[in-house]
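> Sending over a structure as structure tokens; questions will come in a sec.
The values are calculated or read from the model by the stated rules, or taken from the named source; none is laboratory data. No experiment lies behind these values; they were computed from the predicted model shown. Cβ coordinates were reconstructed from backbone atoms using ideal geometry, including for glycine residues, and neighbour counts include every protein chain displayed. When the accessible area is computed, the model is the full protein with side chains, heavy atoms only, and any ligands, DNA or RNA have been set aside. Shrake-Rupley method; radii C 1.70, N 1.55, O 1.52, S 1.80 Å.
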Amino acid sequence: MEVFTYTRSTSAAEAVQAAAAPSSKFVAGGTNLIDMMKLNVERPRALVDINSLALSQITPAPTGGLVIGALARNSDVAVHPTVVRDYAVLSQAILSGASPQLRNMASTAGNLLQRTRCVYFRDTAHACNKREPGTGCSAIGGFNRNLAILGTSDHCIASNPSDQNVALTALEATIQIQGAKGSRTVPINEFYVLPGATPHIETVLQPGDLITSVTLPPPASGSKSLYLKLRDRAAYEFALASAAIVIKMSSGKITHARVALGGVGAKPWRSHEAEAALLNHPADAATFRRAADAALHDAKPQSENAFKVELAKRCIVRALVMSTTSA
Ligand SMILES: Cc1cc2nc3c(=O)[nH]c(=O)nc-3n(C[C@H](O)[C@H](O)[C@H](O)COP(=O)(O)OP(=O)(O)OC[C@H]3O[C@@H](n4cnc5c(N)ncnc54)[C@H](O)[C@@H]3O)c2cc1C
Ligand code: SF4
């Protein structure tokens, strides 16, 4: 008989050691992991509860910017005065997701690591390379309306479902990690791994690695930011397409642009192509449409989600209009 263990760690070092055991998982808010366990999709043999660790603070970074503790709850991050003032895109992205009750539990790190909403991943009756490597992908040619069109592979077309992560990508956040061999920092754009032939590997985390914080660099002076999420209903729904924009203009031209997309990518999708199409151009309809076309140039729609190509383009254009005309 399998023995299941539950421990509550009181120090990060202790948590890292406990989670290095085979098939161990950290639990924070539990809003994703416990769901997965109920569905029999996640079957950890040991749960390491990290809720007693001192990782909930949101503090100014020594070199400017903001350090968000891994256990800072989504609801606290969204209303933090510095986030609202300097990183509006993050506040808006978080508030567009889930429900107030879920956001009260959901942690910053747990949100980073939430799993895909692909229906076949969540149903053990179906083949899924991400859940059971080598079994196949039921979504290719199946129900894939909500899945990805950028960064996919022949082995997996799952989308990253998070809103928070899209904003963090546009803000060029870094992720602080404590592991058995010490601490390290990884830029968010290098944190997620594309599915390729190994869709069960989603990030650069190693067994036992504990996320301790997320750091936002100082905001680009004079920039504005905005998150726009398009979905099937106005609340309590994941994105079909979303756009996170950080933009700055001078003398009518765009001098700084960061564009990230949600709902369409195998990972939170940074579009360097859109950014290049915006930089040093006037903030007008033609520029915005060119940027949107560039962002979706490599899109690979599936049987049910070709509509996402145009939807994502319109989402980018609308977000750019809103972010360059809002007060
Ligand atoms: C009904 C519903 C609707 C939702 N709608 C949205 C939505 O619209 N938009 C959106 O973005 N999200 C949505 N979510 C997802 C929600 O945001 C996530 O469930 C939540 O952010 C996960 O955080 P958690 O702390 O509960 O994670 P947990 O469930 O505790 O953990 C999730 C994963 O992260 C790992 N983990 C947690 N903390 C650490 C750490 N410090 N270091 C290393 N690993 C760690 C765990 O081991 C686990 O693998 C929804 C969820 C539900 C249930
Ligand atoms: S898209 Fe990915 S998660 Fe969904 S069934 Fe295919 S392999 Fe599994």
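> According to the square roots a ≥ b ≥ c of the eigenvalues of the Cα gyration tensor, what is the shape class of the stretch 15-118, taking rounded for a/c under 1.5, prolate for a/b larger than b/c otherwise, and oblate for the remainder? The partial results should precede the final answer.
Numbers: a/c = 2.69, a/b = 1.52, b/c = 1.77.
Since a/c reaches 1.5 but b/c is at least a/b, the shape of the stretch 15-118 is classed as oblate.
> About the Cα centre of the chain, what is the dipole size in debye to 20, counting +1 per Lys and Arg Cβ and -1 per Asp and Glu Cβ, all else neutral?
Rounded to the nearest 20 debye, it is 440 debye.
> Right, next: Quick one: accessible area per residue over the stretch 84-187, 1.4 Å probe, rounded to a whole number of Å²?
39 Å²
> If you don't mind, there's one more thing I want to ask. Please report the carbon-and-sulfur percent of the accessible area for the stretch 169-230; probe 1.4 Å, protein heavy atoms only, DNA, RNA and ligands left out.
That share works out to 57 percent.
> Sort Met249, Met36 by heavy-atom solvent-accessible area, probe 1.4 angstrom, most to least.
Met249, Met36
> Leaving ligands and nucleic acids out of the surface, order Glu190, Glu202 by accessible area at 1.4 Å, largest first.
I get Glu190, Glu202, largest accessible area first.
> Moving on. Limiting things to C-alpha atoms, what are the Rg and the maximum Cα-Cα separation (Dmax) for the stretch 68-126, in angstroms?
Just the Cα atoms of the stretch 68-126 yield Rg and Dmax of 13.6, 47 Å.
> I would also like to ask the following. Helix by helix through the chain, keep the DSSP H runs that span 20 Å or more along the axis on Cα and average at least -1.0 on Kyte-Doolittle, and give those back in order.
Details: long enough: 307-325 (27 Å, 0.68).
Span-like helices in the chain: 307-325.
> Measuring with a 1.4 Å probe in the full set of protein chains, what accessible area per residue, in whole Å², belongs to the stretch 239-327?
Roughly 41 Å² per residue, with all protein chains present.
> Shape of the stretch 109-225 from its Cα gyration tensor (a ≥ b ≥ c, root eigenvalues): rounded if a/c is under 1.5, otherwise prolate when a/b > b/c, or oblate?
oblate
> Given a cut-off of 26 Å, name the pairs among Lys253/Lys300; Lys224/Lys313; Lys25/Lys229; Lys229/Lys267; Lys130/Lys313; Lys253/Lys313 whose C-alpha atoms lie farther apart than that in the structure shown.
Lys253/Lys300; Lys25/Lys229; Lys130/Lys313
> Still on this model: Could you check the spin-label model distance between Asp284 and Asn40? Points 7 Å from the Cα along Cα→Cβ, value in nm.
For the pair Asp284/Asn40, the computed spacing is 6.1 nm.
> Based on the alpha-carbon set only, what is the convex hull volume of the stretch 183-224 divided per residue, in Å³?
Measuring per residue, one finds 105 Å³ for the Cα hull of the stretch 183-224.
> Test of understanding: in a Gaussian network model of the chain with alpha carbons linked when under 10 Å, which of Ala244, Ala294, Ala235 would top the mean-square fluctuation ranking?
Highest fluctuation of the listed residues: Ala235.
> Something else now. What aspartates and glutamates does Lys248 reach when the alpha-carbon gap must be under 19 Å and sequence neighbours fewer than 8 apart in one chain are set aside?
Here the aspartates and glutamates satisfying the reach criterion relative to Lys248 are Asp86, Glu172, Glu273, Glu275, Asp284.
> For Thr5, what accessible surface area do you get with a 1.4 Å probe? Give it in Å², rounded to 10.
60 Å²
> With the crude spin-label approximation of a point 7 Å out along Cα→Cβ, what separation in nm comes out for Ala21 versus Val321?
5.7 nm
> Continuing with the same structure: Gaussian network model of the chain, Cα springs within a sub-10 Å range: biggest mean-square fluctuation belongs to which of Ala239, Ala312, Ala12?
Ala12
> Separate question: Which aspartates and glutamates, if any, have their Cα less than 17 Å from the Cα of Lys308, not counting same-chain residues under 8 positions apart?
Within the straight-line cut-off, Lys308 pairs with Asp163, Asp232, Glu237, Asp293, Asp298.
> Something else about it: Once every DSSP H run of n ≥ 4 in the chain is given -39500 (n - 2.57) and the sum is divided by its residues, what mean residue ellipticity at 222 nm do you get, rounded to the nearest 500 deg cm²/dmol?
When only DSSP H runs of four or more count, the value is -7500 deg cm²/dmol.
> Sticking with this one: Based on the alpha-carbon gyration tensor of the chain, what equivalent-ellipsoid semi-axes (square roots of 5 times the eigenvalues) come out, in whole Å, largest first?
Numbers: eigenvalues 204, 126, 50 Å².
Whole-Å semi-axes of the equivalent ellipsoid: 32, 25, 16.
> Quick one: if the Förster radius is 22 Å, what FRET efficiency do Val193 and Glu304 give, using the C-beta to C-beta distance and rounding to 0.05?
Details: r = 25 Å, r/R0 = 1.15.
Efficiency at R0 = 22 Å is approximately 0.30.
> Something else about it: From the gyration tensor of the Cα coordinates in the stretch 170-279, what semi-axes in whole Å does the equivalent ellipsoid have, largest first, with each one equal to sqrt(5λ)?
With the √(5λ) rule applied to the stretch 170-279, the semi-axes are 28, 20, 13 Å.
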